[in-house]
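Q: I am attaching a structure below and will ask some questions about it afterwards.
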Amino acid sequence: MMSHKPEGIQFLEERLGQEVFVSKWFVISQEETDTFAKLTDDEDPMHNDPEWAAKTPWGGTIVQAAHVLSLGAAIIINSDIPLDIETDGNSYVLNYGYDRVRVMSPLRVGHRFRYRVKVVNIRPKSPREFVIKWEVTVEVEGQDKPFMVYESLVYWATDQGLPSISKH
């Protein structure tokens, strides 16, 4: 059992309420939007019919909010936020869920967006397990209003005694 807080938790506690990560810019193509729609049974002209959507107030097809949420989980977990994830598989990070997801404005297919992440709360579940709450703002390049604001929960466990990861 660990007798002190992991360095990654100390780092985040010192930055509560502060932005700790800004992602690179991303673009979701029409092909990716169509694939996501097929996978999630969310085919709708607002997402998948560029000709029809061009005549709407959006001026083109829009990306599904669930698509952006799905991408955001991996982007945050795999970011350069120091969560002391060890290559031997002894620690791990999992998407733990979402709170207060709000879509503020449309995200047009093909428009650049990125994730801005603040650390909001760190709740220990045990001396080796933590739930970290992030406030995530998905901003769209050249747009004042964000596409989405949500709270992302990450479960981080360390010193778990897991088997080593085999290298192929």
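Quick note: the coordinates plus some simple rules give every number you see, no bench work behind them. Nothing here was measured: the structure is a model prediction, and the numbers come from that model. Positions of Cβ are generated from backbone atoms using ideal geometry, with glycine treated the same way; all protein chains shown enter the neighbour counts.
Q: Could you list ILE76, ILE81 in order of exposure, starting from the residue whose Cβ has the fewest other Cβ atoms within 10 Å?
A: ILE81, ILE76
Q: Going by C-beta contacts inside 10 Å, put SER29, SER91 in order with the fewest on the left.
A: Going from sparsest to densest Cβ surroundings: SER29, SER91.
Q: Kindly provide the GluC sites (Glu not before Pro) of the range 97-168 that DSSP labels as loop, not H, G, I, E or B, and whose Cβ sees at most 10 other Cβ atoms within 10 Å.
A: GLU141
Q: Do any chymotrypsin sites (Phe, Trp or Tyr not before Pro) in the range 6-113 lie in a loop, going by DSSP, with at most 13 other beta-carbon atoms within 10 Å of their beta carbon, and if so which?
A: For chymotrypsin sites (Phe, Trp or Tyr not before Pro) across the range 6-113 that sit outside H, G, I, E and B with at most 13 neighbouring Cβ atoms in 10 Å, the list reads TRP25.
Q: Looking at the chain, how many pairs of lysines come closer than 28 Å at the Cα, when each pair is eight or more places apart or spans two chains?
A: 13
Q: If you filter the range 5-38 for trypsin sites (Lys or Arg not before Pro), then keep DSSP loop positions with at most 16 other Cβ within 10 Å, what is left?
A: Here the trypsin sites (Lys or Arg not before Pro) that fit, given the DSSP loop and packing criteria, are ARG15, LYS24.
Q: Let me ask another. Provide VAL93, VAL138, VAL149 in ascending order of the number of other Cβ atoms located within 10 Å of each residue's Cβ, fewest first.
A: Taking fewest neighbouring Cβ atoms as first place, the list is VAL149, VAL93, VAL138.
Q: Now for a separate question. Short version: what are the Cα gyration tensor semi-axes of the range 18-168, square root of 5 times each eigenvalue, largest first, in whole Å?
A: Gyration-tensor ellipsoid for the range 18-168: 33, 17, 13 Å.
Q: Could you compute the FRET efficiency for LEU39 and GLU14, with r as their C-beta to C-beta distance and R0 at 41 Å, rounded to 0.05?
A: Computed FRET efficiency for LEU39 and GLU14 comes out at 0.55.
Q: Please turn the phi angles of the range 61-78 into ³J(HN,Hα) values with the Karplus equation 6.51 cos²θ - 1.76 cosθ + 1.60 (θ = phi - 60°), one per residue in order, whole Hz, x for glycine and proline.
A: 5, 10, 7, 5, 4, 5, 5, 5, 4, 4, 5, x, 4, 5, 5, 5, 4, 9
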